[in-house]
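Student: Have a look at the structure that comes next, please.
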Amino acid sequence: MTTTPIDKTQIRNAATVIVLRDRHTAPRILMGQRGAKAVFMPNKFVFPGGAVDAGDAEIPLATALTDTCAARIAEDSDPALAVALAAAAIRELWEETGLVLGTPGAWDGPVHPDWQSFAATGHRPHAAPLQFVFRALTPPGRPRRFDARFFLLDADAVSSDLDNFDAASDELSHLQWVSLADARAFDMPFITEVVLAEIQARAGDTSPPSSVPFFKNNDEESLFLRLRGYPQPDD
């Protein structure tokens, strides 16, 4: 009898931000291209984002995620992750694009090294505008695996110049605002295309989705679930 080997690749929690600009007139999203030598998704156009760092859970947020978003994040995961994921989303947006999602104010006490450049802008991280809209677990067999939560962010909530990427790191190149109508022409990962379809379907709707899609690709099976943030009977 043969058995399927178990994938031992570590699964890291991650946060991704879809920044939506001019949603009611000519909606555009912010995307960048990963490097050719990147281990994960080389050359692909993606939304800014990355793995949760150890210090993200201790970051004092100026505002928290909404109760609805936090409850849906807690479904099928550790409820304590809500703060860390929100912080990671804001940090990755800053690091990869130079955009600031924050409220003006000084930090109390010492600032974590990963957040010193953000704090130097004179802002504290502002999580309330982040809307949790999608979750996906990287399938087994990939060089890296992430349990990624996708957050939709209206560009009006950003505190910095939307066209100034001077403070961005070099992790993403060709940062640009892409029309939703043209985005599918870019070379992007499959899961990015799936999330993009969700964003296109609700670009003009600012209310939280009725439920959050979750592609759960574990070692035994692939499941499509819906996260609602409260106990549900089997779908």
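The values are calculated or read from the model by the stated rules, or taken from the named source; none is laboratory data. Bear in mind the structure is a predicted one, so any value in this text is a computation, not a measurement. A quick note on method: Cβ atoms are made from the backbone with ideal geometry, for glycine too, and the neighbour counts reach across all protein chains shown.
Student: What are the residue pairs meeting all of these: first residue in segment 175-198, first residue closer than 13 Å to PRO48 by Cα, second residue loosely packed, with under 13 Cβ neighbours inside 10 Å and among the polar types (S, T, N, Q), Cβ atoms under 8 Å, and 6 or more apart or on different chains?
Tutor: none
Student: Looking at ALA148, ALA201, ALA185, which is the one that is of a type outside the set (Val, Ile, Thr) and either modelled with pLDDT of 95 or more or surrounded by 15 or more Cβ atoms within 10 Å (Cβ to Cβ) (or both)?
Tutor: ALA148
Student: Which residue, of SER160, SER179, SER211, is of a type outside the set (A, V, I, L, M, F, W, C), under 14 Å from LEU93 (Cα atoms) and surrounded by 12 or more Cβ atoms within 10 Å (Cβ to Cβ)?
Tutor: SER160
Student: How many residues, within segment 53-75, are of a type in the set (Lys, Arg) and assigned to a loop (DSSP other than H, G, I, E, B)?
Tutor: 0
Student: Something else: Can you give me the number of residues within segment 110-127 that are free of Cβ contacts under 8 Å to residues at least 12 places away in the same chain, under 16 Å from ALA57 (Cα atoms) and not in a helix (DSSP H, G or I)?
Tutor: Number of matching residues: 2.
Student: Looking at segment 83-100 only, could you name the residues that are among the hydrophobic types (A, V, I, L, M, F, W, C), crowded, with 24+ Cβ neighbours inside 10 Å and part of a helix (DSSP H, G or I)?
Tutor: LEU85, ALA86, ALA87, ALA88, ALA89, ILE90, LEU93, TRP94
Quick grid of which residues meet (1) polar (S, T, N, Q); (2) in contact with a Phe, Trp or Tyr (Cβ under 8 Å, 6 or more places away or on another chain); (3) more than 15 Å from LEU20 (Cβ to Cβ); (4) assigned to a loop (DSSP other than H, G, I, E, B):
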position	(1), (2), (3), (4)
SER159	yes, no, yes, yes
PHE165	no, no, yes, yes
ALA168	no, no, yes, yes
VAL178	no, yes, no, no
ARG184	no, no, yes, no
VAL195	no, yes, no, no
ALA203	no, no, no, yes
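Student: Here's a check for you: in segment 118-145, which residue that is modelled with pLDDT of 95 or more and β-branched (Val, Ile, Thr) is nearest to GLY50 (Cα to Cα)?
Tutor: VAL133
Student: Of the numbered conditions (1) surrounded by 23 or more Cβ atoms within 10 Å (Cβ to Cβ); (2) more than 28 Å from ALA26 (Cα to Cα); (3) among the aliphatic types (A, V, I, L, M), LEU65 satisfies every one except a single condition; which is it?
Tutor: Single failed check for LEU65: (2).
Student: Quickly run through segment 123-156 and pick out the residues that are β-branched (Val, Ile, Thr) and over 11 Å from the mean Cα position of the chain (by Cα).
Tutor: Within segment 123-156, just THR138 meets the criteria.
Student: Out of all the residues in segment 1-51, which are touching a strand residue (DSSP E or B) at 6+ places or on another chain (Cβ under 6 Å), β-branched (Val, Ile, Thr) and at pLDDT below 90?
Tutor: The answer is THR9, and nothing else.
Student: Could you figure out which of (1) more than 15 Å from the chain's Cα centre (by Cα); (2) in a strand (DSSP E or B); (3) under 25 Å from THR25 (Cα atoms) isn't true of THR103?
Tutor: The single condition THR103 does not satisfy is (3).
Student: Tell me the residue from PHE151, PHE146 that is among the hydrophobic types (A, V, I, L, M, F, W, C), within 23 Å of THR25 (Cα to Cα) and in contact with a strand residue (DSSP E or B) (Cβ under 9 Å, 6 or more places away or on another chain), please.
Tutor: Within the list PHE151, PHE146, the selection yields PHE151.
Student: While we're on this one: Give me the residue from segment 102-114 that is closer than 22 Å to ALA155 by Cβ and in contact with a Gly (Cβ under 9 Å, 6 or more places away or on another chain) and, out of that set, surrounded by the most Cβ atoms within 10 Å (Cβ to Cβ).
Tutor: By that ranking, first place goes to GLY102.
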